[in-house]
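What follows is a short report on a single structure.
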Amino acid sequence: MTNTKGNTKGNTEDKKKRVRHTSPKGESLFSHIIDIDYGTKDYPDKEGSYNITLRLNAANAEKLKASIADELEEAVENMEARFAELKPASRKQLGQPTFIEPGTEEYERDTEEPTGNYLFRFKTRAHYEDRQGRKRDRHVPVFDAFQSPVKLKEEPGFGSVVRVAFTAVPYFVDATGRGGLSLYLDAVQIIKLNKMGERSASDYGFAAEEDGFSADSLADEDVVEESSTASVSGSEDGGAVNADDLPF
């Protein structure tokens, strides 16, 4: 989703003032909004970035795409114009340009069946240069449900409910003939916070609320202290999908 070296010739997207969008509410699956992400051994990110993967149901995924309809149209036009500027030999080798739609369909790990959800990844560089050419550190603003700024010590846990403020910028990669939209992370609002390693009922497959027992009905003496509870999973994230397994 970031620009590839050598593919900015003739591009004016980055100079154009961009509209900031806000995503619908969704679940954060993999967050690096507090600490810089330097990637993995196989896929290093030497410069470092902040990023978040947002899971949206089909209806909210369509709402997000509808909000960036103008940018999507611009990105297609940009791809076609940039492809036409390539040398004839390159166009012949590539055949046709390929447009990458934002959002990736999510599949169950065990059954490989679609879950009905879509994954959107937002990313921004951890450092930037100001107008004087000085290197500056970037930080992602984080807000609570009441729009108050908040400083977290650790990343939001898997399944936290969030909104993402972002800007969408067209890109085109000369070498592959692929174009699309980069979704640049601007800020995050946390509606429901899960701690690291903490998972919601839906993460375990409980799909809906039921009438009956409520945790609020328990008296204090019926509740086990948190320090004495045992983990129900063999790993900190309860077997969550590894970020490297996502098709980005």
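Note that the stretch 99-141 presents 74 Å² accessible area per residue, ligands and nucleic acids not counted, probe 1.4 Å. Close amide H pairs (under 5 Å, H built 1.01 Å from N) link Val140 with no residue at least 5 positions away or on another chain. Listed by chain and number, the lysines placed with their C-alpha closer than 26 angstrom to that of Lys153 are Lys25, Lys41, Lys46, Lys123, Lys135, Lys192, Lys195; residues fewer than eight positions away on the same chain are left out.
Once you have a ≥ b ≥ c as the square roots of the Cα gyration tensor eigenvalues for the stretch 1-154, tell me rounded if a/c is under 1.5, and otherwise prolate or oblate according to whether a/b is larger than b/c.
Values: a/c = 1.61, a/b = 1.19, b/c = 1.35.
Oblate.
Rounded to whole numbers, the Karplus 3J(HN,Hα) couplings from phi for the stretch 169-182 are 10, x, 9, 8, 10, 4, 5, 10, x, 9, x, x, 10, 7 Hz, using 6.51 cos²θ - 1.76 cosθ + 1.60 with θ = phi - 60°, and x at Gly and Pro.
For the stretch 86-155, report the translational diffusion coefficient in µm²/s to the nearest whole number, using Stokes-Einstein at 20 °C, 1.002 mPa s, and a Kirkwood Rh over Cα pairs. Working shown, then result.
Values: Rh = 17.7 Å.
Answer, rounded: 121 µm²/s.
Counting only heavy atoms of the protein chains and using a 1.4 Å probe, Phe143 has close to 70 Å² of accessible surface.
The heavy atoms of Arg134 present about 120 square angstrom of accessible area, all protein chains included, probe 1.4 Å. Between Thr115 and His21, the contour length at 0.36 nm per residue exceeds the alpha carbon distance by 31.3 nm. Under a 5 Å amide H cut-off, with hydrogens placed 1.01 Å from N, Asp45 pairs with Gly39, Thr40 among residues at least 5 apart or on other chains. Spin-label model, Thr176/Ala59: points 7 Å from Cα along the beta carbon direction are separated by 3.4 nm. The modelled label-to-label distance for the pair Thr40/Glu101, using points 7 Å beyond Cα in the direction of Cβ, is 2.6 nm. Rg/Rh, computed from the Cα trace of the stretch 21-107 with Rh as the Kirkwood radius, has the value 1.06. Computed with a 1.4 Å probe on the full set of protein chains, the accessible area for Met196 sits at about 90 Å².
The values are calculated or read from the model by the stated rules, or taken from the named source; none is laboratory data. Every value quoted in this text rests on a predicted model; they were computed, and no experiment measured them. All Cβ positions, glycine included, derive from the backbone under ideal geometry; neighbour counts span all protein chains shown. Protein only, heavy atoms only, side chains kept; ligands, DNA and RNA dropped before computing areas. Shrake-Rupley method; radii C 1.70, N 1.55, O 1.52, S 1.80 Å.
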